[in-house]
Amino acid sequence: MDLELLKVTIEEQRERIEKLMEKENMIGRELKVSEYIKYPNSLVILGVRRAGKSVLSIQTFYKQKFAYINFDDERLIDLDTSDLNKILQIFYELYGPSVDNLIFDEIQNIRGWELFITRLRDTNRVIVTGSNSNLLGGELATRLTGRHIDVTLFPFSFKEFLRYEKFEIKTVFTTKEKAQLIALLRVYLKNGGFPESIRSGKEIVASIYSDILTKDIINRHKIKNREDLRKVARYLVSNSANEFTFKSLRGVSETNSLITLSNWVRYMEEAYLLFRLERFSFKLRQTFKAPKKIYCIDNSIISSIGVRLSEDLSGLMENMVAVELFRRKSYDRKSQEIYYWKDHQQHEVDFLIKENFKISRIIQVTYASSREVIKPREISDLIKASKELHCNDLLVITWDYEAEEKVKGKKIRFVPLWKWLLDV
């Protein structure tokens with residue numbers, strides 16, 4: 001690649017970064033990565049496209065001398081492995097030979113990048129970002145065994161959203177403050193947590209979704225039946241918080257191969273568009289055979305892309321809880337396993353948490369603001385699961401109802417969604 005064009009691209013990318021950091025309200029993220037930046041490890045920040053990986057990387061080095069390149073740039077489309085050393089040369093020209101903090105954004109676009117990063121890590125503090133969980137597969141995992149730390153960044157949590165909106169998080173709120181809090185929660189419920197969407201409006205979500213499908217799935221995996229894959233993706237997004245099987249995906253498009261459909265769902269998971277939740281059973285074989293539940297990375301995609309006959313606030317609420325559970329597991333509760341539960345009589349609970357070989361908590365989610373609105377079946381299914389799974393930590397996440405009561409000898413806590421999200 002032409003050296004001068006490469007240099008201009010790197011300079012212009014850096015200018016955009018500087019303007020962004022100066023003008024925008026850049027909040028600190030809940031995911032703390034500074035402690036992971038040390039020789040000879042590389043830090044790999046993974047996550048869905050536009051979750052804020054670039055900004056988090058830049059924030060980590062911002063008060064120091066650093067170099068940055070984003071490979072998700074149409075001017076770099078023909079870049080290959082042989083050009084990576086040219087990038088290093090330009091870094092030294094622009095920032096001096098002492099620059100040793102390096103950021104390589106969306107590097108999965110370059111084949112063979114693993115050896116380059118391996119060579120740099122002993123003398124540089126390196127951050128690599130990528131929009132695919134399979135980034136650490138194969139060659140890199142082999143070469144960097146024990147020499148890299150990978151983390152997954154999610155879109156803004158509700159706490160981060162409130163900080164961006166300059167709403168003070170406290171343990172006790174006045175009536176007026178609580179009303180403001182609930183209003184913001186309703187916005188977050190529908191519009192989600194993509195930083196760019198919050199800054200610029202939810203119209204950008206369609207572009208984010210298109211980029212995920214096109215760049216991270218279709219182009220990466222050379223999908224031929226592009227329209228079929230898009231139909232399956234839209235169907236799954238529209239049915240977030242519901243069960244599905246690969247057989248049920250037949251008929252959604254012209255593609256009927258279960259292997260192909262299974263691969264497509266896996267690609268969507270690797271691109272962090274969707275999460276799959278297993279049904280819990282003490283018999284592993286039943287867990288594998290049972291239908292899965294599907295959840296979308298951000299409610300904004302469901303609201304903007306999904307096809308529903310009416311606004312499903314209950315489904316959006318359950319999806320939000322699911323994403324928050326996955327976020328907490330990824331950030332600081334890595335020992336947790338998350339499932340849903342359903343028995344042969346169709347009793348069902350939305351989530352259960354497994355830790356250290358036992359069920360530690362069972363969770364139901366209901367869009368209810370009073371006890372009368374909560375369906376009796378939701379409580380009876382919770383009690384049934386408690387007895388079946390030998391777990392007494394029972395939680396019902398409501399829209400805005402708080403209480404604690406005993407039902408059939410079991411203590412149940414009812415906690416408003418906002419309070420659970422803020423963990424106060």
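Here are a few things to note about the model shown:
- Among the residues here, S335 qualifies as modelled with pLDDT under 95 and either touching an Asp or Glu at 6+ places or on another chain (Cβ under 6 Å) or of a type outside the set (D, E) (or both).
- Every listed requirement among (1) surrounded by 17 or more Cβ atoms within 10 Å (Cβ to Cβ); (2) touching a residue at least 40 places away in the same chain (Cβ under 8 Å) is met by T245 save one, (1).
- Per this entry, R230 is counted among residues that are under 20 Å from N219 (Cα atoms) and modelled with pLDDT of 95 or more.
- Among the residues making up segment 78-105, those that are surrounded by fewer than 17 Cβ atoms within 10 Å (Cβ to Cβ) and either in a strand (DSSP E or B) or modelled with pLDDT under 90 (or both) are D78, D80, T81, S82.
- Filter pass, K342 being within 18 Å of A385 (Cα to Cα), surrounded by fewer than 21 Cβ atoms within 10 Å (Cβ to Cβ) and not hydroxyl-bearing (S, T, Y): yes
Residue-wise test of (1) free of Cβ contacts under 8 Å to residues at least 24 places away in the same chain; (2) among the charged types (D, E, K, R); (3) more than 22 Å from G52 (Cα to Cα).
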{"site": "K178", "(1), (2), (3)": "yes, yes, yes"}
{"site": "G193", "(1), (2), (3)": "no, no, no"}
{"site": "E203", "(1), (2), (3)": "yes, yes, no"}
{"site": "S207", "(1), (2), (3)": "yes, no, no"}
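- Out of L135, L213, one residue alone is farther than 23 Å from E318 by Cβ, modelled with pLDDT of 95 or more and part of a helix (DSSP H, G or I). It is L213.
- In this structure, Y267 does not qualify as farther than 30 Å from D400 by Cα, at pLDDT 95 or above, aromatic (F, W, Y) and more than 17 Å from the chain's Cα centre (by Cα).
- Qualifying residue in segment 295-315 (condition: assigned to a strand (DSSP E or B) and either under 18 Å from R234 (Cα atoms) or among the basic types (K, R) (or both)): yes
- Selection status of R49, out of contact with any Gly (no Cβ under 7 Å at 6 or more places or on another chain), of a type outside the set (G, A, S) and either part of a helix (DSSP H, G or I) or buried (at least 19 other Cβ atoms within 10 Å of the Cβ) (or both): yes
- Checked against the criterion of being aromatic (F, W, Y), closer than 24 Å to R361 by Cα and either touching a Lys or Arg at 6+ places or on another chain (Cβ under 7 Å) or assigned by TED's automatic domain parsing to the domain that holds N242 (or both), segment 269-281 has at least one qualifying residue.
- All positions within segment 270-289 that are surrounded by fewer than 16 Cβ atoms within 10 Å (Cβ to Cβ) and either in a helix (DSSP H, G or I) or out of contact with any helix residue (DSSP H, G or I) (no Cβ under 7 Å at 6 or more places or on another chain) (or both): F282, K283, L284, R285, Q286, T287, F288, K289
The values are calculated or read from the model by the stated rules, or taken from the named source; none is laboratory data. What you see is a predicted model; the values in this text were computed from it and never measured. Glycine also receives a Cβ, built like all others from the backbone with ideal geometry; neighbour counts cover every protein chain displayed.
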